[in-house]
Amino acid sequence: MSEAHAVTIARAHVEAWSNHDYDEARKSLAADVKVTVTTTIEGAPKTDLAGVDDYMRSLIEVAKTVGPAACT
């Protein structure tokens, strides 16, 4: 996969979840997706996720705080 194609997929994923289109966001994920989130926010929980279902559960929770298309 070229970098340009990967960026296109990533942008489509972010646009889908920021618009709360979770079915579309799920489509671009590999079955064995792994996500580690880091932040400088003190006290924020460590996030290590494995698999589409764990990732989507977390993504939906985060998306509740994001307005439509806020991440595009």
**OP:** Looking only at the range 49-69, decide whether some residue is in a strand (DSSP E or B), at pLDDT 85 or above and within 12 Å of the chain's Cα centre (by Cα).
**Re:** yes
**OP:** Find the residue count for the range 26-59, including only residues that are among the aliphatic types (A, V, I, L, M), surrounded by 12 or more Cβ atoms within 10 Å (Cβ to Cβ) and free of Cβ contacts under 8 Å to residues at least 40 places away in the same chain.
**Re:** 8
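The values are calculated or read from the model by the stated rules, or taken from the named source; none is laboratory data. These figures come from a predicted structure and were not determined experimentally. FYI the Cβ positions are ideal-geometry reconstructions off the backbone, even for glycines, and counts take in every protein chain you see.
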